[in-house]
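First comes the structure, then the notes that go with it.
The values are calculated or read from the model by the stated rules, or taken from the named source; none is laboratory data. As the structure is a prediction and not an experimental result, all values here were calculated from the model. Positions of Cβ are generated from backbone atoms using ideal geometry, with glycine treated the same way; all protein chains shown enter the neighbour counts. These area figures cover heavy atoms from the full protein model, side chains too; ligands, DNA and RNA do not enter into them. Shrake-Rupley method; radii C 1.70, N 1.55, O 1.52, S 1.80 Å.
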Amino acid sequence: MATPVQMGGYVLPEYPFVPPPELGAPGVRRHRLVILGAGLAGLALACDLAERGVDAVVIDEDNTVGVRGASSRGIVYAQKTLEFMDRMGVWPAIENKGVVWSVGKTLAGDAVVYEFDASVKSESRQPPFVNLQQFYLEWFMVDRIVALGRTDLRWKSKVVGYAPLEDGARIEVETPAGRYTIEADWVCDCTGVNSFVRDSLGLDTHQARGIDRWCISDVRFKEKLPIERWTWIEAPFNDNRAVWQHLMADDVWRMDFQMGPETDIEYVSRPEVAAERVRRQLGRDVEFELVWVGPYSYRAQLLDRFRVGRTFFLGDSAHAVSPFGARGGNTGMQDAENLGWKLALFFAGHADAALLDTYEAERREAAVFNLMTTRRTARFLQPESPAEKVLRDAVIGLAREYPFARNLCNTGRLSSSFIYGKPPTSARQRHKVHGVDPGEAVQNVPLVLPDGRRGVLADLFRGAPAFVGVWHGGDAAQRDAVVRLANARAPVLRMVEVDRGRLGLSVVRDAGGALGRVLGLQPGRSTFCLLRPDLHLAARLDDPTPANVAAALSRVLKGKP
């Protein structure tokens with residue numbers, strides 16, 4: 001049981017150290033899967049695997065959530081991540097605690113030069129964004145993992161030795177009660193930017209440090225502000241440098257103030273100095289409480305390989321980006337979402353080992369994209385040359401008057417689901433009218449489930465095999481062959497049909513037509529959509545047959561495009 005402890009401005013859990021069975025036991029015990037690090041990526045992976053019936057050992061050197069529960073750190077969680085949390089049973093706690101928003105505004109001085117409302121194109125049950133202090137999300141995942149009862153969570157356990165083996169790895173762990181050694185068939189390193197495992201293997205991260213300096217002030221005050229993301233490119237109250245303003249849980253506002261490159265970080269982080277910055281923003285008469293103050297700079301890094309032997313790297317241990325666009329924590333959890341179902345299928349004997357290789361192929365490509373995107377934002381907010389400053393000033397000036405220039409005001413392209421692979425141009429054109437293409441994420445749309453309950457697409461994956469096949473239309477003459485296919489592939493595929501019930505499959509009703517819109521289902525046309533467990537579209541087949549449906553599933557399970 002966790003003990004509540006006051007940490008900064010919050011009361012958060014402190015988890016007990018429980019001596020593991022290996023301490024003092026003869027020999028070296030072996031586990032199938034060990035996850036190193038109980039941050040966002042490690043907990044998301046453990047929770048997802050527990051939902052799929054896979055046991056794991058999680059090792060973390062701390063005994064609470066966040067960084068001793070003190071700072072807000074990551075706060076913005078995007079729809080794709082929230083849909084993942086829904087499938088793991090964590091969404092209700094997030095919905096109850098977090099702050100939902102969809103509108104963002106970019107300002108230069110007092111002028112709004114860009115504005116968006118992400119809810120306009122949203123069909124999902126989850127909102128475009130939720131703001132929530134990172135430690136709360138970690139806390140909710142720990143609670144869910146404990147409730148599922150399949151994961152051995154080991155707190156106050158520090159990895160001090162790591163040796164790769166041909167069939168796994170040997171891990172030495174230091175605890176308050178002494179050291180022990182375990183072996184693992186597979187290891188997932190989720191320990192962050194200072195990964196001991198990564199460094200012990202001598203892997204190059206190609207690190208680059210940003211010149212930007214920032215100072216966070218978490219503030220609680222009585223005045224009500226719009227629940228929107230406001231970003232100043234040039235804030236008059238911050239010496240014409242950038243500022244972010246977000247509402248989080250517990251009525252705490254997160255204010256990120258950009259500092260000059262030569263700033264004395266220790267000085268600007270003093271409570272009295274931080275308070276003066278807040279007064280300049282909010283006004284002298286506004287009463288407020290400083291909940292937490294902390295500086296940060298950032299570094300970018302990227303491993304050449306996200307898998308080395310039987311060790312996988314996830315989250316910041318594999319890649320690190322600047323915080324612009326909330327692409328750190330969201331990306332780490334989506335790494336976990338990508339790998340979890342592949343490990344579960346492989347462990348169950350339903351997929352080839354080649355499927356595990358697709359983790360690196362897909363998620364490294366996503367990391368490269370994030371690095372490129374955040375790098376562009378950093379250079380817009382902190383131009384690196386006089387020419388870049390002239391260009392940025394020109395963009396801001398144009399945006400004040402001309403709509404075409406407003407989207408060029410780059411204050412952080414917010415995290416979104418990554419598209420795996422590169423669909424051909426014709427397919428990309430078709431997507432504009434006819435739904436998602438293979439590789440794209442499918443939104444968690446509302447449905448009427450086969451048992452008549454109202455639910456969402458993610459409900460089809462609960463307690464079900466790995467993939468979901470959605471069959472729309474079809475000839476009743478195929479009925480026997482379709483049913484045989486469904487029965488034969490039942491361990492890894494659950495097939496449903498939309499609305500009609502002519503194929504002998506469970507029927508889902510397309511409440512409001514959202515499923516048809518996102519999948520591009522056309523009246524009078526037979527279509528089969530194969531959905532991966534991470535709600536990305538694996539394949540779309542027009543005029544499908546049981547034979548080509550089976551072939552499409554087999555290709556995916558063998559790690560083939």
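You will find that of 113, 34, the residue that is touching a strand residue (DSSP E or B) at 6+ places or on another chain (Cβ under 7 Å) and either closer than 21 Å to residue 130 by Cα or modelled with pLDDT of 95 or more (or both) is 34 and no other.
I'd like to verify a number: residues in segment 209-240 that are assigned to a strand (DSSP E or B) and at positive phi, how many?
In the first step, residues of segment 209-240 are kept if they are assigned to a strand (DSSP E or B); the result is 209, 213-221, 229-235.
From the residues that got through so far, the ones that are at positive phi too are none.
Selection size over segment 209-240: 0.
Considering segment 187-214, the residues that are hydrophobic (A, V, I, L, M, F, W, C) and surrounded by fewer than 21 Cβ atoms within 10 Å (Cβ to Cβ) include one that is farthest from residue 258 (Cα to Cα), namely 201.
Just the residues that are open to solvent by 40 Å² or more (accessible area, probe 1.4 Å), outside any strand (DSSP E or B), under 28 Å from residue 77 (Cα atoms) and not β-branched (Val, Ile, Thr), please, taken from segment 241-267. Quick ask: steps written out before the conclusion?
Residues of segment 241-267 open to solvent by 40 Å² or more (accessible area, probe 1.4 Å): 241, 250-251, 261-262, 264-267.
Okay, now just the ones that are also outside any strand (DSSP E or B), so 250-251, 261-262, 264-267.
This time we only want the ones that are under 28 Å from residue 77 (Cα atoms), so: 250-251, 265.
Scanning segment 241-267 gives 250, 251.
The set of residues from segment 55-97 being out of contact with any Phe, Trp or Tyr (no Cβ under 6 Å at 6 or more places or on another chain), in a loop (DSSP other than H, G, I, E, B) and open to solvent by less than 20 Å² (accessible area, probe 1.4 Å) comprises 64, 72, 75, 88. Of the numbered criteria (1) aliphatic (A, V, I, L, M); (2) touching a Cys at 6+ places or on another chain (Cβ under 6 Å); (3) more than 17 Å from residue 333 (Cβ to Cβ), the one residue 25 fails is (2). Restricting 324, 313, 347 to residues that are within 30 Å of residue 9 (Cα to Cα) and open to solvent by less than 50 Å² (accessible area, probe 1.4 Å) narrows the list to 324.
Of the strands (runs of 3 or more DSSP E) that lie entirely inside segment 120-197, those containing 3 or more residues that are under 23 Å from the mean Cα position of the chain (by Cα) and of a type outside the set (A, V, I, L, M) span 178-189.
Mind listing just one residue for me: the one in segment 522-546 that is without any contact (Cβ under 8 Å) to a residue 60 or more places away in the chain and hydrophobic (A, V, I, L, M, F, W, C) and, of those, surrounded by the most Cβ atoms within 10 Å (Cβ to Cβ)?
Applying the first criterion (without any contact (Cβ under 8 Å) to a residue 60 or more places away in the chain) to segment 522-546 yields 523-528, 541-543.
The next check asks that each one be hydrophobic (A, V, I, L, M, F, W, C); those that pass are 528, 541.
Values: 528: 24, 541: 17.
It comes out as 528.
Could you list, in sequence order, the residues of segment 533-561 that are under 26 Å from residue 339 (Cβ atoms), in contact with a helix residue (DSSP H, G or I) (Cβ under 7 Å, 6 or more places away or on another chain) and either among the basic types (Lys, Arg) or part of a helix (DSSP H, G or I) (or both)? Outline the logic, then answer.
In the first step, residues of segment 533-561 are kept if they are under 26 Å from residue 339 (Cβ atoms); the result is 533-540, 549-561.
Still in the running and in contact with a helix residue (DSSP H, G or I) (Cβ under 7 Å, 6 or more places away or on another chain): 533-535, 538-539, 549-550, 557-559.
Hits for segment 533-561 are 549, 550, 557, 558.
Give me the residue from segment 215-240 that is acidic (Asp, Glu) and surrounded by 14 or more Cβ atoms within 10 Å (Cβ to Cβ) and, out of that set, farthest from residue 258 (Cα to Cα). If you could, list the steps in order and put the result at the bottom.
Step one: list which residues in segment 215-240 are acidic (Asp, Glu), which gives 218, 223, 228, 234, 239.
From what is left, the residues that are surrounded by 14 or more Cβ atoms within 10 Å (Cβ to Cβ) are 218, 228, 234.
Working: 218: 14, 228: 19, 234: 10 Å.
For segment 215-240, the residue satisfying everything is 228.
Going residue by residue through segment 330-337, is there one that turns out to be without any contact (Cβ under 8 Å) to a residue 12 or more places away in the chain and assigned to a helix (DSSP H, G or I)? Let's see the steps before the verdict.
Initial filter on segment 330-337 (without any contact (Cβ under 8 Å) to a residue 12 or more places away in the chain): none.
No, that holds for no residue.
Considering (1) among the aliphatic types (A, V, I, L, M); (2) in contact with a helix residue (DSSP H, G or I) (Cβ under 6 Å, 6 or more places away or on another chain); (3) open to solvent by 60 Å² or more (accessible area, probe 1.4 Å), the lone condition that residue 147 does not fulfil carries the number (2).
On the stretch given as segment 446-491, residues that are polar (S, T, N, Q) and surrounded by 15 or more Cβ atoms within 10 Å (Cβ to Cβ) total 1.
Among residues of segment 445-468 that are closer than 17 Å to residue 489 by Cβ, those with a Cβ under 9 angstrom from a residue that is buried (at least 17 other Cβ atoms within 10 Å of the Cβ) and small (Gly, Ala, Ser), sequence gap 6+ or separate chain, pair up as 466/344; 466/351; 467/538.
Checking each residue of segment 14-32 against the condition of being surrounded by fewer than 23 Cβ atoms within 10 Å (Cβ to Cβ), more than 19 Å from the chain's Cα centre (by Cα), in a strand (DSSP E or B) and aliphatic (A, V, I, L, M) gives no match. The test for being of a type in the set (Gly, Ala, Ser), at pLDDT 95 or above and over 28 Å from residue 149 (Cα atoms) holds for residue 124.
For segment 395-415, a tally of residues being touching a helix residue (DSSP H, G or I) at 6+ places or on another chain (Cβ under 7 Å), of a type outside the set (D, E, K, R) and closer than 12 Å to residue 370 by Cβ returns 2.
Step by step: first the residues of segment 98-117, then only those that are assigned to a strand (DSSP E or B) and hydroxyl-bearing (Ser, Thr, Tyr), then the one that is least open to solvent (accessible area, probe 1.4 Å). Which residue is that?
Looking only at segment 98-117, we keep the residues that are assigned to a strand (DSSP E or B), and these are 99-101, 103-108, 111-117.
Next, only the ones that are hydroxyl-bearing (Ser, Thr, Tyr) stay: 106, 114.
Values: 106: 5, 114: 59 Å².
This residue is 106.
Among all residues of segment 290-304, there is none that is over 32 Å from the mean Cα position of the chain (by Cα) and open to solvent by less than 20 Å² (accessible area, probe 1.4 Å). Report yes if residue 344 is touching a residue at least 60 places away in the same chain (Cβ under 8 Å) and closer than 21 Å to residue 194 by Cβ, otherwise no. Here the answer is no, as residue 344 does not meet what is asked.
Taking the condition free of Cβ contacts under 8 Å to residues at least 60 places away in the same chain and more than 22 Å from residue 308 (Cα to Cα), does residue 366 pass?
Values: free of Cβ contacts under 8 Å to residues at least 60 places away in the same chain: yes; more than 22 Å from residue 308 (Cα to Cα): no.
Taking the combined requirement at face value, the residue does not satisfy it.
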